[in-house]
Ligand code: SF4
Ligand code: SF4
């Protein structure tokens, strides 16, 4: 009997609609208005790579040890270095990072002994060309410059 | 079939690979007699990336991010299985703190995976609303992942021997808050669906697979439990400390799509229960076992399987003593469960095929690897 | 896109395998003996060559001709009613090149065992589809990836790779960047998939 009444009065459907109705309040909207509002990115987010410079001297932190290139599963990092005759130390000349094949796993970042290589919170790294995804040292040090829109 | 109804000839219909309700690029060739399905054939492999081949050319640690890309809806579970398999070969165990964190993250992942399943499955059957709600809840889980390990989908959350990242400040509160909201939210989904007459009509007695068939086809996970077999690897062969948690294995008797829905919903509730218990078990300590930087397991082989959201996920790893695995075989639950589609769809109506494919909960990334 | 970085990184993996040939011989396995092995040894006295346990996981090595019968015996007499997985491992330097691995599970005993058998390239092995239906796709995958043929399989054809593909990707002599160029050219209209 109860079942019959439920069927006749469409209780099951009304219950469902009530759930829908409850969530109609504008307070419950959870769409991000990107790019008007920029999303909050977690601190540990693995995004665009950056090669850090020393904050004071401005010299690169990278010691050209090549560990990141070895750690990378996709073998997409190429570190070139030169031995400095005066200090007898390897010095970084160029650093290429092929973002088009990177899967942002973070293994390179973990491998770096001096925290020179870092995956940052920048996420706007799309490019119109494949070549645009191959970053050189300059790009890695400066970081991406995504378009800023005016409203 | 010699004589078909009204003398119509058999019709062969191609469904997919681009079909919204095949959950990716699955192609199903349907043989039809009128509206009745008389046979199916699945064509898979469109997403084949040769994960097992890649494994043989990477070091053990390097391969870990790739497993996330198989079942990308449940990447944390994939990672857990792989790490456990290599840990087994190395004969090490993750420290207790790491194990607890692993349990929390994999259970959250189970909820996320079931949520996605629920949303897409309902969408296949014409109910759009649940999809938005489940995505909202899943977002909370993904935010926790993002804060914990820096990625949302292909997380690479675990490392062989433990964890790379320790918990962030506020992790516990956030997970607790999520546990508090998900319960009522699951109630909401149930309000929308469980008693809904369309939902019931579309799912009861559709895609029935009894316990015998399940075993013959190697079908595991919620499908097996919906057929009444109380079997869950977390209980049967506990790993990562699951023996310390108190939870139930939901089962149902009929083995049809509706039962699978109930089982999965119950599993979400049980997962919340496990997460709550795990939160109480978090204790300070190391998060990484003693594992050499260069992982070189002794010569040998091991098969380790875990209860992934979709069923038994197994890794068979063969080591030849070098830094690279000699062979990694993945036993993907989706692939093997998908095989039973033919059994389930035979004799049903063509409109039910979507429901049947949806009810298995496949992810094509895992089917094709 | 032919990738110079990748190409230069790849030779390294190729150089690693020399340790491989002695692989199966030196696994530090211990003998496995219980009531089940006794029964099996009685039933198949000269078909099973080894009962071992490694890391708490038991396996037996059998002659290829007996595999189906052993799997069936285990299913009917010992409750191993669930074939969890079926796969192969390639050891190109061995005369019997492939290891076929059957992973069985018993719900009643909550136990997992592996059956391993060795077969040579080109040798056919009887299919176990008659015993476990799930073997259908698994055997197709093994055929696809390793080129091992199964006799009396209902529908033995490629499953993951396209039908006309040449070569079996998981064989050790199939390079990771290798592909069937003819197939790629004919079907995709491009010179190379790289
Ligand atoms: S994030 Fe991973 S794939 Fe990308 S460069 Fe680093 S190690 Fe390589
Ligand atoms: S690991 Fe760090 S220091 Fe070494 S080469 Fe890479 S970025 Fe430079």
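When Cβ neighbours within 10 Å are restricted to other protein chains, what is their mean count per residue of peptide B:73-86?
0
When N counts the residues of segment C:30-159, how does its alpha-carbon radius of gyration compare numerically with 2.2 N^0.38 Å, as a ratio? Could the numbers behind the result be given before it?
Working: Rg = 14.1 Å, N = 130, 2.2 N^0.38 = 14.0 Å.
Here the Cα radius of gyration is 1.01 times the empirical estimate.
Using the C-alpha atoms of the protein assembly as shown, what convex hull volume per residue, in cubic angstrom, is computed?
Dividing the Cα hull volume of the protein assembly as shown by its residues yields 205 Å³.
What ranking, highest mean first, results for peptides A:31-37, B:340-346 when packing means the other Cβ atoms within 10 Å averaged over each residue?
Listed from highest to lowest mean packing, they are B:340-346, A:31-37.
Mind ranking C:134-145, B:358-369 by how tightly packed they are, going by the mean number of other C-beta atoms within 10 angstrom, highest first?
Averaged packing, sorted descending, gives the order B:358-369, C:134-145.
Taking neighbour Cβ counts within 10 Å as the exposure measure, how do A:18, B:231, C:183, A:135 sort from fewest upward?
A:18, C:183, B:231, A:135
Quick one: if the Förster radius is 30 Å, what FRET efficiency do residue A:123 and residue B:49 give, using the C-beta to C-beta distance and rounding to 0.05?
Computed FRET efficiency for residue A:123 and residue B:49: 0.80.
Calculate the FRET efficiency for residue A:18 and residue B:19 from the Cβ-Cβ distance with a Förster distance of 45 Å, rounded to the nearest 0.05.
0.85
How are the Cα pair distances of segment B:74-154 distributed, in percent, across 10 Å bins from 0?
All Cα pairs considered, the percentages come to 17, 41, 27, 12, 3.
Please average, across the residues of B:318-330, the number of beta carbons from any other chain that are within 10 Å of each residue's own beta carbon, and give a whole number.
Going residue by residue through B:318-330 and averaging, the value is 6.
Starting from the Cα coordinates of segment B:11-141, work out the convex hull volume and express it per residue in Å³.
Cα-based convex hull of segment B:11-141, divided per residue, equals 139 Å³.
In what sequence do C:118, B:273 fall when counting other Cβ within 10 Å, fewest first?
B:273, C:118
Rounded to the nearest 0.05, what FRET efficiency do residue A:59 and residue B:72 have when you use their Cβ-Cβ distance and R0 = 45 Å?
That pair, residue A:59 with residue B:72, gives E of 0.65.
For the peptides C:28-37, A:114-123, what is the packing order when you average, over each peptide's residues, the other Cβ atoms within 10 Å and list the highest mean first? Mind dumping the intermediate values first?
Working: C:28-37: 13.4, A:114-123: 17.1.
The most tightly packed comes first, giving A:114-123, C:28-37.
Relative contact order for segment B:292-368: what is it in percent, counting Cα pairs under 8 Å that are at least 6 residues apart?
24 percent
For B:123-132, what's the mean count of beta carbons from other chains sitting within 10 Å of each residue's beta carbon?
Average neighbour count from other chains, rounded to a whole number: 1.
Could you list the square roots of 5 times each eigenvalue of the Cα gyration tensor of segment B:272-328, that is, the equivalent ellipsoid semi-axes, sorted largest first and rounded to whole Å?
Three semi-axes, in Å: 29, 20, 7.
Counting alpha carbon pairs within less than 8 Å and at least 6 residues apart, what relative contact order, in whole percent, applies to chain C? Before the final figure, lay out the partial values.
Details: 295 pairs, mean separation 28.5, N = 194.
Across chain C, relative contact order equals 15 percent.
Hey, what D do you get for chain B in µm²/s if you plug the Kirkwood alpha-carbon radius into Stokes-Einstein at 4 °C and 1.567 mPa s?
On the way: Rh = 21.2 Å.
Diffusion coefficient, whole number: 61 µm²/s.
Kirkwood Rh and Cα-based Rg: tell me the resulting Rg over Rh for segment A:11-151, rounded to two decimals.
Taking Rg over the Kirkwood Rh, I get 1.21.
Cut-off is 10 Å between beta-carbons; in what order do B:165, B:82, B:239 appear when sorted fewest neighbours first?
Ascending Cβ contact count within 10 Å gives the list B:165, B:239, B:82.
For a paramagnetic label modelled at 7 Å from the Cα of residue C:151 toward its Cβ, which residues of segment C:55-99 fall within the zone defined by backbone nitrogen distances under 17 Å?
So the set is C:63-72.
Under 8 Å for C-alpha pairs, at least 6 residues apart: give me the relative contact order for segment A:49-142, rounded to a whole percent.
35 percent.
Using a simple spin-label model with points 7 Å from Cα along the Cα→Cβ vector, what separation in nm is obtained for residue B:253 and residue C:109?
3.2 nm
Every number in this text was worked out from the coordinates using simple rules, so none of it is lab data. Since this is a predicted model, take the numbers as computed values, not measurements. In this analysis, Cβ positions are derived from the backbone assuming ideal geometry, glycine residues included, and neighbour counts consider all displayed protein chains.
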